[in-house]
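**Q** After the structure tokens below, expect a handful of questions from me.
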Amino acid sequence: MNHPPIIETTAGALYPEAIDLDLVRKAHVPFAEESKIIEADGNTAAAYACLQMWRCMLFAGFPITPSTKWLETVAAVIRSGKVGTKKKLKLLEAEHAVADYLAGASAACRDLIFTTATSSVGLDHMTESTRSLGGSGLGNAMLVNVYRATANYPLCIEGDPSDALAHRDDGWIQFCCRGVQQIYDTVIQLPCLGMHPEVMTPTMPGYYGIKDSHRSSRLVLEADADVNTFQDRWIAPAKLPGLINGDTALGNCVTSQYFQGFKVDQRRRILRAFDLLSVIGADFEKTFGRPGLECIEKIRWPENEEAVDLAIVGMGPDMGTAAALADQWETSIHKRIGVLAARLIHPFPSHEYARILKDAKAILVLNQAHHSGPGHLSVDLAEACYDLQDPPKIISAFAGMGGAALTAETWQVMIDYATHAMKVPTRRVSPIVVHEGKIIWQKS
Amino acid sequence: MAKIIDIIQRESCFQPGSTLCAGCMESIAFQNIGKITDNGKKTIFGLGTFCGEVSTLQFPNPVAWGRGESTPEDWTKSFGILHHVFESAPTITEAIRDTVDVLSSVGAIKSDIQTISMSGDGGALAIGLRSLLHTINRQARIVSFVLVNEVFANTGFQYSPSASLGSDTSTTPATELHPGNMQPPLDYLGLAVNAGAGLVAQVSPAFPKYFLKVVETALECKGTAVIFIPSPCITGWKFADGETVELARLSCETGFFPCFLKKKGQPAEIKFVERDAAKRPPVEHFMGPQQRFQHLVRKNKETGQFEVRPGKEAVVEEIRTWIQTKLDALYRMA
């Protein structure tokens with residue numbers, strides 16, 4: 001009897017013909033036959049992107065505000081028959097179970113993409129599994145994180161990236177998005193990065209709850225065929241065996257003698273994302289005419305890369321407000337202002353920040369999540385600028401925690417504080433907490 | 001049903017190289033399951049953390065799983081095994097099952113795959129009870145084995161919710177004030193039945209023909225099949241080398257771990273144990289050889305028989321009552 005070829009790998013034997021991926025691809029029923037413009041909120045955009053991928057056959061979920069509509073949308077579309085009858089949604093009993101489920105499914109078949117969405121304490125509840133997945137090499141797991149404040153004392157259901165920022169040590173590739181289109185585009189691109197054979201790291205696109213999850217705007221919905229052609233350029237059949245097409249063992253334990261070696265390998269893989277994401281992003285831009293993956297979004301920055309006096313760095317949709325107000329601030333404080341929005345929040349692209357910020361005089365960092373120190377982003381930016389000859393002064397402000405509105409008045413207070421801090425000779429500047437146009441806390 | 005003579009000639013998926021204790025019932029169970037599952041279908045195991053995982057999948061030790069000494073040419077002989085967190089075994093296996101099914105639904109996989117989860121009783125009945133019961137409730141087509149040694153053996157033999165009354169564990173130590181664990185064990189058979197499992201069984205390799213029959217039946221089950229395997233733990237229960245199978249047999253005959261089989265919608269079957277206490281071997285026969293019960297039972301130096309220690313009669317009577325109550329409940333399902 002002739003047997004098909006078997007490929008021996010470092011992770012066991014691979015039986016390449018055990019799964020006929022062409023039949024999976026052919027079974028895909030397109031959600032959109034052609035590109036069209038629709039109105040959608042962030043959760044819907046993320047759900048549609050997942051549903052359009054032929055590799056997404058099996059979805060899993062457990063509802064938690066504000067990510068619930070992702071799950072409801074997946075359920076509604078699958079039950080409508082619009083994407084055929086083969087895609088399945090698994091409703092589990094808890095977020096922990098959802099993460100376990102992703103681990104089992106992703107290991108079963110490395111060539112399919114398995115997705116879910118969660119928020120806040122839902123992500124916390126998954127932690128045991130998300131930390132395992134982070135080191136698993138299973139880049140085909142994707143978790144949409146709809147930002148919401150963590151902790152229940154007090155419970156708050158609005159957008160605040162404390163969940164995402166608390167989970168950076170889980171080891172996933174985490175991207176922050178702002179706006180419906182960027183959410184959709186990021187979800188399409190991230191599996192290309194996570195499943196790349198040199199990266200093999202699960203991915204976590206994220207966006208602000210309520211502010212972006214529930215706000216509708218214009219969305220260019222691409223044709224499924226174009227989405228999948230783009231992904232197929234980047235996602236080749238996995239070179240390592242899964243449980244179905246392999247003779248293999250996954251999730252082994254190790255002694256202390258070997259543990260650090262595994263962690264070094266995990267780090268080496270995730271750091272490859274720095275180089276690859278811009279290549280994938282460039283291909284996306286060439287294909288669809290919109291910006292692709294990048295470490296940092298220069299929302300308002302001199303085109304000729306000239307230095308700015310004050311760089312404002314933060315995450316999410318409020319950075320658009322900062323960019324819109326920057327003209328009037330430049331006029332009033334007579335300083336050149338640049339606005340950057342963090343895209344890649346893990347691994348943190350320190351080198352990119354150092355390159356962009358090397359000539360800035362100061363950085364006003366907007367932190368929107370509770371932190372025991374000066375703010376997650378502030379700490380990371382201080383580290384990023386550590387080796388600069390004349391590092392910019394870092395001015396930390398907390399505002400918008402718990403999804404609080406960042407009004408023009410609140411921004412003005414932060415700008416005034418930064419302007420003052422730039423004039424004083426001391427390098428260390430106390431963080432402030434600003435709310436509704438007032439400083440409500442400052443370290444004495 | 002295959003003949004036992006044929007099964008013992010099959011290729012087990014449990015291989016030499018494990019670091020399980022000599023005399024561990026888990027290795028006997030794995031060896032048997034390993035051979036029974038060599039039935040022409042590809043096999044995938046999903047494991048939560050337990051002795052059976054850390055002792056068989058620890059890098060750089062050999063992976064003690066897989067069929068044959070080299071990579072099988074035949075894909076159906078290939079073997080996949082995934083370890084994930086303690087409580088996760090039923091859920092990860094359900095996910096593997098669903099992935100197989102969704103791929104099969106489009107014709108991408110040509111032949112069926114058997115999906116099996118393995119947990120310890122700590123993983124399945126304490127931290128993982130949620131996972132087990134919900135997988136059963138969803139009727140996932142998996143076979144879930146739970147190796148019951150009544151303790152968290154991995155972490156040093158602490159109390160688990162299945163710990164027998166009166167047992168000395170490292171977190172319910174027997175002292176002059178406390179007679180070991182006095183928390184009645186979880187009725188895991190009743191829970192699994194009431195959650196809607198397609199098949200619930202408790203069976204030991206000490207009864208090999210019955211073990212074979214039950215596991216083969218479970219592999220054909222259309223819903224979730226849950227098989228609890230009483231697993232005398234030589235280190236945790238503290239008994240002498242060579243007594244593993246004998247203790248497993250006595251655990252059933254004395255009523256601690258009655259052999260039990262219930263298919264959904266059918267009467268239960270209770271085997272190798274009498275309902276009438278007078279017809280059963282006394283509980284002292286099972287308890288006596290184990291140091292975890294030595295505060296309750298001792299060996300009479302003159303007769304050589306195990307007997308209840310003076311002053312401990314009430315505790316042992318409570319154990320007898322618990323066993324009878326449990327057996328009566330099982331017989332009511334028969």
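The values are calculated or read from the model by the stated rules, or taken from the named source; none is laboratory data. All figures in this text were calculated on a predicted structure; none of them were measured in a lab. Here the Cβ positions follow ideal geometry from the backbone for every residue, glycine too, while neighbour counts run over all protein chains shown. Ligands, DNA and RNA are excluded from the accessible area calculation, which covers all protein heavy atoms including side chains. Shrake-Rupley method; radii C 1.70, N 1.55, O 1.52, S 1.80 Å.
**Q** Would you tell me the mean number of C-beta atoms belonging to other protein chains that fall within 10 Å of each C-beta in A:236-247, as a whole number?
**A** Numbers: counts 0, 0, 0, 0, 0, 2, 5, 16, 12, 6, 6, 14.
So the per-residue partner count for this stretch is 5.
**Q** Can you tell me, using C-alpha contacts under 8 Å and at least 6 residues apart, the relative contact order of segment B:4-274 as a whole percent?
**A** Numbers: 575 pairs, mean separation 47.5, N = 271.
In percent, rounded to a whole number, it is 18.
**Q** Short version: ³J(HN,Hα) in whole Hz for each residue of segment B:37-51, in order, from phi by Karplus 6.51 cos²θ - 1.76 cosθ + 1.60 (θ = phi - 60°), x for Gly and Pro, what are they?
**A** 7, 7, 10, x, 10, 4, 10, 10, 10, x, 10, x, 6, 6, 3
**Q** Something else now. Using Cα pairs under 8 angstrom and six or more residues apart, how large is the relative contact order of segment B:45-127, in percent? Let's see the in-between values first.
**A** Working: 101 pairs, mean separation 36.5, N = 83.
Dividing the mean separation by the residue count of segment B:45-127 yields 44 percent.
**Q** Scattering from the C-alpha atoms of segment B:1-124 alone, worked out with Debye: what is log10 I(q)/I(0) at q = 0.17 1/Å?
**A** Values returned for q = 0.17 Å⁻¹ are -0.92.
**Q** Return the single residue from A:LYS211, A:LYS263, A:LYS239 with maximal mean-square fluctuation; model: Gaussian network over chain A, springs between Cα atoms under 10 Å.
**A** Maximum among the listed residues: A:LYS263.
**Q** To the nearest whole percent, what portion of all C-alpha pairs in the protein assembly as shown is separated by more than 45 angstrom? Could the numbers behind the result be given before it?
**A** Details: 101281 of 302253 pairs.
Cα-Cα pairs in the protein assembly as shown separated by more than 45 Å: 34 percent.
**Q** With a 1.4 Å probe and all protein chains in place, put B:GLU274, A:GLU93, B:GLU176 in order of accessible area, largest first.
**A** Of B:GLU274, A:GLU93, B:GLU176, the descending order of accessible area is B:GLU176, B:GLU274, A:GLU93.
**Q** A further question follows. Given springs between every Cα pair under 10 Å in a Gaussian network model of chain B, which of B:PHE59, B:PHE145, B:PHE306 has the largest fluctuation?
**A** B:PHE59
**Q** Sticking with this one: Roughly how compact is chain B, stated as its Cα Rg over 2.2 N^0.38 Å to two decimals? Show your work: numbers first, answer last.
**A** Numbers: Rg = 19.8 Å, N = 334, 2.2 N^0.38 = 20.0 Å.
Its radius of gyration relative to the 2.2 N^0.38 Å reference: 0.99.
**Q** Here is a follow-up. Quick one, what does Rg over Rh come out to for segment A:162-249 if you take C-alpha atoms and the Kirkwood Rh?
**A** Details: Rg = 15.6 Å, Rh = 15.0 Å.
Rg divided by Rh gives 1.04.
**Q** Ranked by accessible surface with a 1.4 Å probe, highest first, in what order do B:LYS110, A:LYS298 come?
**A** Working: B:LYS110 160, A:LYS298 70 Å².
Listed by decreasing accessible area, they come as B:LYS110, A:LYS298.
**Q** Follow-up question, since we're still on this one. Just from its helices, what would the mean residue ellipticity at 222 nm be for the protein assembly as shown, if runs of 4 or more DSSP H residues each count -39500 (n - 2.57) and the sum is divided by every residue, rounded to the nearest 500 deg cm²/dmol?
**A** On the way: 23 runs with 273 residues, N = 778.
Taking each H run of at least 4 residues, the total per residue is -11000 deg cm²/dmol.
**Q** When all protein chains stay in place, what accessible area (Å², nearest 10, 1.4 Å probe) is found for B:SER105?
**A** 50
**Q** Taking +1 at the Cβ of each Lys and Arg and -1 at the Cβ of each Asp and Glu, which of A:VAL74, A:ASN228, A:PHE262 sits farthest along the dipole of the protein assembly as shown towards its positive end, judged by Cα position relative to the Cα centre?
**A** It is A:VAL74.
**Q** Between A:ARG215, A:ARG355, A:ARG267, find the one with the highest GNM mean-square fluctuation for chain A; connect C-alpha pairs within less than 10 Å.
**A** A:ARG355
**Q** Would you mind estimating how fast chain A diffuses translationally, via Stokes-Einstein at 4 °C and 1.567 mPa s with the Kirkwood radius over Cα pairs, in µm²/s? Intermediate results must be reported in sequence, preceding the final value.
**A** Working: Rh = 22.5 Å.
The calculation lands on 58 µm²/s.
**Q** Would you tell me the mean number of C-beta atoms belonging to other protein chains that fall within 10 Å of each C-beta in A:12-23, as a whole number?
**A** Shielding by partners across A:12-23 averages 5.
**Q** Using a 1.4 angstrom probe with every protein chain in place, what is the largest-first accessible-area order of B:LYS222, A:LYS361?
**A** Working: B:LYS222 165, A:LYS361 120 Å².
Reading off the accessible areas and sorting them downward yields B:LYS222, A:LYS361.
**Q** Sketch the reach of a paramagnetic label on A:ALA405 as a point 7 Å from Cα along Cα-to-Cβ, and name the residues of segment A:324-364 whose backbone nitrogen lies under 18 Å away.
**A** A:324-325, by backbone N distance to the label point.
**Q** Roughly how much of B:ASP6 is accessible, in Å² to the nearest 10, using a 1.4 Å probe?
**A** Taking all protein chains as shown, B:ASP6 has close to 80 Å².
**Q** Turning to a different aspect of this structure: Within 10 Å of each Cβ in peptide A:250-259, how many partner chain Cβ atoms are there on average? Round it to a whole number, please.
**A** Working: counts 7, 12, 12, 10, 5, 4, 0, 2, 3, 1.
Per-residue shielding by partner chains comes out at 6.
**Q** Using each residue's phi in segment B:160-176, evaluate 6.51 cos²θ - 1.76 cosθ + 1.60 at θ = phi - 60° and report the 3J(HN,Hα) Karplus result to the nearest Hz, with x for Gly and Pro.
**A** Along segment B:160-176, the couplings run 10, x, 9, 4, 5, 4, x, 6, 8, 10, 6, 10, 10, x, 6, 10, 5 Hz.
**Q** Moving to a separate point now. Order the peptides B:27-34, A:284-291 from the highest to the lowest mean number of other Cβ atoms within 10 Å of their residues. Let's see the in-between values first.
**A** Working: B:27-34: 22.6, A:284-291: 14.5.
Most protected by this proxy first, the peptides run B:27-34, A:284-291.
**Q** Roughly how many Å is it from the Cα centre of segment B:253-271 to that of segment B:102-126, as a whole number?
**A** Computed from Cα coordinates, the inter-centre distance equals 25 Å.
**Q** Check A:ILE363: other-chain or 5+ apart residues with amide H under 5 Å from its amide H, H built from backbone geometry?
**A** Result for A:ILE363 returns A:ALA311, A:LYS393, A:ILE394, A:ILE395.
**Q** May I ask you to derive the relative contact order of chain A, considering only C-alpha pairs under 8 Å and at least 6 residues apart, and to give it as an integer percent? Don't skip to the answer; put the middle values down first.
**A** Working: 947 pairs, mean separation 67.0, N = 444.
It rounds to 15 percent for chain A.
**Q** Further question on the same structure: Before I look further, what does chain B give for accessible area per residue, probe 1.4 Å, in whole square angstrom? Don't jump to the answer; show the numbers that get you there.
**A** Working: 12620 Å² over 334 residues.
Result: 38 Å² of accessible area for each residue.
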